[in-house]
1. Just the number, please: carbon plus sulfur as a percent of the accessible area of the stretch 142-274, 1.4 Å probe, no ligands or DNA/RNA counted.
2. Tell me which DSSP H helices of the chain clear both cut-offs, 20 Å or more of axial length from alpha-carbon atoms and a mean Kyte-Doolittle hydropathy of at least 0.5.
3. Once the Cβ-Cβ distance between residue 81 and residue 46 is put in as r, and R0 is 22 Å, what FRET efficiency do you end up with, to the nearest 0.05?
4. Just going by the charge dipole of the chain, with Lys and Arg at +1 and Asp and Glu at -1 on Cβ, which of 160, 289, 106 is farthest out on the positive end?
5. Which residue fluctuates the most in the chain, going by a Gaussian network model with Cα springs under 10 Å, if the choices are 201, 149, 179?
6. Could you look at the stretch 31-96 and say what percent of its accessible area is carbon and sulfur, using a 1.4 Å probe and all protein chains?
7. Too long at a 25 Å Cα-Cα cut-off: which of 56/291; 130/174; 174/222; 108/199; 57/174; 29/67?
8. Is the stretch 31-115 rounded, prolate or oblate when judged by the Cα gyration tensor, a ≥ b ≥ c being the square roots of its eigenvalues, rounded requiring a/c under 1.5 and prolate requiring a/b larger than b/c?
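The values are calculated or read from the model by the stated rules, or taken from the named source; none is laboratory data. This one's a predicted model, so the numbers in the text were calculated from it and none came from an experiment. Cβ atoms come from the backbone with ideal geometry, glycine included; neighbour counts cover every protein chain shown. Keep in mind that these areas ignore ligands, DNA and RNA; they rest on the heavy atoms of the full protein, side chains included. Shrake-Rupley method; radii C 1.70, N 1.55, O 1.52, S 1.80 Å.
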Amino acid sequence: MAAAIIDGNAISAIINGETATAVSELLTKHNVRPGLAVILIGENPASKVYVGRKVKKCEELGIFSKKIELPAETSEKDVIAVIDGLNKDPHIHGILVQFPPPAHISEKAVIDAIDPRKDVDCFHPVNIGKMLIGERDGFFPCTPYGVMLLLEKSGVNPAGKHVVVLGRSNIVGKPMMALMVQKAKGADATVTVCHSGTKDLKAFTRQADILVAAIGKPCFVKAEMVKEGAVVIDVGINKIADPSSKTGSRLVGDVDYDQVAPIASMITPVPGGVGPMTIAVLMQNTVKACKASIAAS
Ligand code: NDP
């Protein structure tokens, strides 16, 4: 039987609707509009697309957005000066620097410069640490938390399940592990994390009740790597050549969808799975930052 599709577009629309309501309430009750600053350094075409989507989503939900485009040759010191200004700006509750920055700018220096209270991407060590120890007053990292919400809204409870995460990046794999393993409602899973050093990967992936693929390799997860009835979450976004498409390319995930969908019980498509959830959580985090700033004033 074919897997049920976990529809990230539909689920993110529900979450975005809740965010839009929260924005209206902040305006009515406190006369404050949540504000997100997005910094783009250089001309990376993919980054431009991502920034454009985030700004558009802000507009749709009533969030104020400030797009700051800096030339590729901007020094690290000047980028940090811009961040400092935004840290002090009362109209800005969230700050996001679109990665990757040009090679002469250190990601770590940029992340460290952001006030943790405005770190809506949840990259700052303070927020990563809070998440790891289960505190809920920081932010949740956008993509991994988007996966948690997809599961919750699809009626999949990770408690007691074996979750296998493919990939250990700081933005997806590691925080995914940290969220899944929490002793908390909607988590409480037994987690295995696999990476390029894992020997006999298939032996682990085949044990997964919930398999989360985040390795950045097109169609890497094949049918024989998946247990019958597993829930498969595909975080990957990979552009591959496709002469039959108008643009000459198309997006695929890290999972070979055609092979795996007949075996899985539920599966996320690419596009339209995890991707829209990432932006939905970013918007949620911006509202959370705004509420925290009102509470602290
Ligand atoms: P990274 O390249 O930072 O990390 C990839 C991870 O996969 C690494 O831990 C790497 O291991 C591991 N890996 C690579 N090859 C293999 C292999 N053959 N076997 C086992 N493990 C392997 O990628 P990201 O985490 O940033 O992104 C992963 C994917 O998710 C990408 O396709 C990206 O585009 C997508 N993505 C999607 C988002 C969304 O909104 N949907 C948001 C962010 C990312 P090692 O550590 O040993 O090198």
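1. On the way: 3320 of 6110 Å².
Taking all protein chains in place, the stretch 142-274 shows 54 percent carbon and sulfur surface.
2. Numbers: long enough: 8-30 (32 Å, 0.30); 45-61 (24 Å, -0.62); 274-296 (33 Å, 0.94).
Helices passing the filter in the chain: 274-296.
3. On the way: r = 26 Å, r/R0 = 1.18.
It comes to 0.25.
4. Final value for the positive-end residue is 160.
5. 201
6. In the stretch 31-96, the share of accessible area belonging to carbon and sulfur is 54 percent.
7. Values: 56/291 22 Å; 130/174 14 Å; 174/222 23 Å; 108/199 30 Å; 57/174 27 Å; 29/67 27 Å.
The pairs that break the limit, which is 25 Å between Cα atoms, are 108/199; 57/174; 29/67.
8. Working: a/c = 2.47, a/b = 1.32, b/c = 1.87.
Cα axes put the stretch 31-115 in the oblate bin.
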